[in-house]
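Below you'll find the structure, written out as structure tokens, and then a few comments.
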Amino acid sequence: VGNGGSTLHALRCLEEQYGDQWTTFTVLLIHSGGYSQRLPSASALGKIFTALPLGCPVLQMLELKLAMYMDFPQHMAPGVLVSCSDDIELYSTAATESITFDRPGFTALAHPSEPALGTAHGVFVLDPSSFSGQGGLLYGSCHRFLHKPDLQTMQQSGAVCVRGAGPRPSCPGSQGGSQCVYTDSVFYMDHGTARQLLLFYKQVGSLCCEIDAYGDFLQALGPGATPDDTRSTREGPGPVAVRQQLFSLLQGTPLHVIVLNNSRFYHIGTAQEYLLHLAAGSKLRFELGLQPVAFSLVPGPAASWDRLSVVQSILQPGCQLEPGSVIEHCRLGPGVSVGQGCIVSGSCITSRADIPSGCFLSSVSVQISGRLQFVTMVFGVGDDLKSTVRSLSDIHSLQFFGASLPECLGLWGMEASEQLFSSEDTRLGLWTARIFPVCATRSESARVSLNMLSAVRHKSPFKLSGFQLLSVEEMLTYKDVEDMLRFRKEIYDEICLQKQKEKSDY
């Protein structure tokens with residue numbers, strides 16, 4: 001149902017639980033992360049529970065969100081504050097300034113960003129004449145909201161401003177100062193608006209399409225909004241009709257904007273962004289004080305592990321890691337080597353193994369027919385798990401670690417067929433491809449999946465016949481969350497025990 005549909009569902013749950021009393025609450029609503037196809041290590045447990053290389057024991061995104069927003073409730077009228085789980089907003093205001101959410105309709109935070117960043121997020125076309133305040137905190141209104149616009153649309157709509165000059169649009173060809181756009185992050189809606197949306201949800205009954213809380217709620221706001229925006233987000237008459245109903249419902253509702261000029265917006269929802277901000281020398285790593293080794297056991301001094309991110313993991317002596325990789329909730333033995341730019345999550349690798357540069361490896365506990373088993377997904381960090389084709393004749397365009405899917409299937413002793421994919425519709429992709437072996441232990445699962453990858457890299461056969469195979473989609477259907485948390489707890493307890501021993505020895 002998308003994060004918009006889940007927002008509507010959450011509002012209905014609040015009303016069912018509390019009746020009219022819920023309209024007196026200040027509500028923080030954080031979307032847990034959806035399928036997380038661009039960062040599938042977060043798919044099973046949700047992006048909001050992503051561990052950060054910070055704290056002892058480590059913090060999760062949820063705790064960071066609560067810390068970032070802890071000052072909001074005392075300056076907020078009853079209403080709903082909506083946030084995603086894969087972005088971080090850092091800002092600075094004067095001691096006498098406070099961010100206040102108390103106006104009717106919608107109120108959104110806006111951050112100065114590079115125009116290129118705006119193509120993947122929401123962008124505000126601001127009304128310069130409406131703004132009050134000075135310096136780092138300005139209050140005003142939005143003329144129009146653009147959802148993932150291209151650079152030309154931003155320029156033509158007046159969304160591009162001169163950095164440091166506030167919400168005043170830049171003139172075409174103007175010199176002096178770099179350009180920026182104001183991108184979205186968190187937004188608030190008062191209870192009158194929330195009730196309108198809830199009534200709409202009740203009248204619709206069940207949603208026939210994905211609704212986006214940003215693209216479909218905010219695009220209807222502001223005097224510059226046009227019904228054409230409802231046609232550009234998805235295909236098909238059903239989705240368009242629902243979006244047009246939402247547009248009619250929300251049109252005319254004010255969209256207030258709080259411009260935070262001294263702020264930065266970070267998105268960590270893709271594998272590339274995750275590696276950049278956690279394992280490389282990014283501004284976020286410096287500003288939050290992210291640690292190269294967070295609540296982990298590693299051989300040698302932690303300072304020697306710079307340009308890495310090791311989170312609540314146990315690495316034995318002899319394990320070798322190259323720069324730019326993230327290791328989270330893992331046990332890695334002495335014969336394990338990890339190349340550059342890898343993500344390794346929830347895995348136990350005890351035997352000798354070579355994890356090549358640019359590898360994504362994540363183990364998932366599954367319950368099948370009442371039996372606990374394990375599956376490890378392995379991809380290239382840059383592989384597109386959202387990409388789909390409509391027929392078997394087109395699957396050559398699907399790339400797995402630099403090779404076409406049919407080439408990989410040949411090496412694995414498999415044939416392309418309708419049964420290869422778990423999807424109920426005709427869209428075929430890496431997300432729904434049944435290519436990952438089910439194994440009895442976590443370590444065997446990682447070993448077999450690495451053998452699959454090695455076969456593709458070295459063009460040498462590795463037959464998957466005899467294994468039960470699952471797609472990533474099916475892994476999430478059969479996931480055993482309790483066992484995944486149990487594995488994390490075992491690592492946590494062992495780290496605690498070792499740290500206590502070191503303390504007593506000292």
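Excluding Thr253 itself, what net charge comes from residues whose Cβ is under 14 Å from its Cβ, given Lys and Arg +1 and Asp and Glu -1?
+1
Going by average Cβ neighbours within 10 Å, how do the peptides 481-491, 277-287 rank, with the highest at the top?
277-287, 481-491
Quickly estimate the mean residue ellipticity at 222 nm for the chain, helices only: each DSSP H run with n ≥ 4 gives -39500 (n - 2.57), and the total goes over all residues, rounded to 500.
Rounded to the nearest 500, the figure is -8000 deg cm²/dmol.
May I ask you to derive the FRET efficiency for Arg163 and Asp102 from their Cβ-Cβ distance with R0 = 25 Å, giving the value to the nearest 0.05?
Taking R0 as 25 Å, the efficiency between Arg163 and Asp102 is 0.30.
Any idea what the relative contact order of the chain is, in percent, if you count C-alpha pairs under 8 Å spaced at least 6 apart?
This gives 13 percent for the chain.
Compute the distance in nm between two label points, each set 7 Å from the Cα along the Cα-to-Cβ direction, one at Tyr139 and one at Cys13.
Each label point lies 7 Å from its Cα, and together they span 3.3 nm.
Sticking with the crude label model, points 7 Å out along Cα→Cβ, report the distance from Gln156 to Arg427 in nm, one decimal please.
About 2.7 nm separates the two model spin labels.
Ignoring ligands, DNA and RNA, please state the percent of accessible area on the chain from carbon and sulfur, probe 1.4 Å.
51
Per residue, how much accessible area does the chain have with a 1.4 Å probe, in Å²? Each step should come with its number before you reach the end.
Values: 21780 Å² over 506 residues.
Heavy-atom accessible area per residue stands at 43 Å².
Report which label in [x] 182; [y] 142; [z] 258 holds the value of volume of the Cα convex hull per residue in Å³ derived from the coordinates of this structure.
Of the listed options [x] 182; [y] 142; [z] 258, [x] comes from this structure.
For the peptides 10-18, 250-258, what is the packing order when you average, over each peptide's residues, the other Cβ atoms within 10 Å and list the highest mean first?
250-258, 10-18
Give me the net charge for the shell around Gly79: Cβ to Cβ below 12 angstrom, other residues only, Lys and Arg +1, Asp and Glu -1. Walk me through the numbers before you get to the answer.
Numbers: positive: Arg103, Arg195; negative: Asp102, Asp190.
Net charge in that neighbourhood comes out at 0.
What's the local net charge at Lys65, with K and R +1, D and E -1, over the other residues with C-beta under 14 Å away?
Neighbour charge sum, excluding Lys65 itself: -4.
Give me the percent relative contact order of the range 258-309, please, defined on Cα pairs under 8 angstrom at least 6 residues apart.
On the way: 34 pairs, mean separation 15.3, N = 52.
It rounds to 29 percent for the range 258-309.
Mean projection of the alpha-carbon convex hull of the range 1-93 over all orientations, in nm²? Can you show the working numbers first?
Numbers: hull surface 30.7 nm².
Averaging across all directions leaves 7.7 nm² for the Cα convex hull.
Place the peptides 385-395, 321-331, 140-150 in order of packing, highest mean first, counting for every residue the other Cβ atoms within 10 Å and averaging per peptide.
Going from most to least packed, we get 321-331, 140-150, 385-395.
Can you tell me the FRET efficiency between Ser387 and Phe462 if r is taken as the Cβ-Cβ distance and R0 is 30 Å, rounded to the nearest 0.05?
Values: r = 24 Å, r/R0 = 0.80.
Taking R0 as 30 Å, the efficiency between Ser387 and Phe462 is 0.80.
The values are calculated or read from the model by the stated rules, or taken from the named source; none is laboratory data. Owing to the predicted nature of the structure, the values given are computational and were not obtained by experimental measurement. FYI the Cβ positions are ideal-geometry reconstructions off the backbone, even for glycines, and counts take in every protein chain you see. Accessible surface is based on the protein model in full, side chains and every heavy atom, while ligands, DNA and RNA are left aside. Shrake-Rupley method; radii C 1.70, N 1.55, O 1.52, S 1.80 Å.
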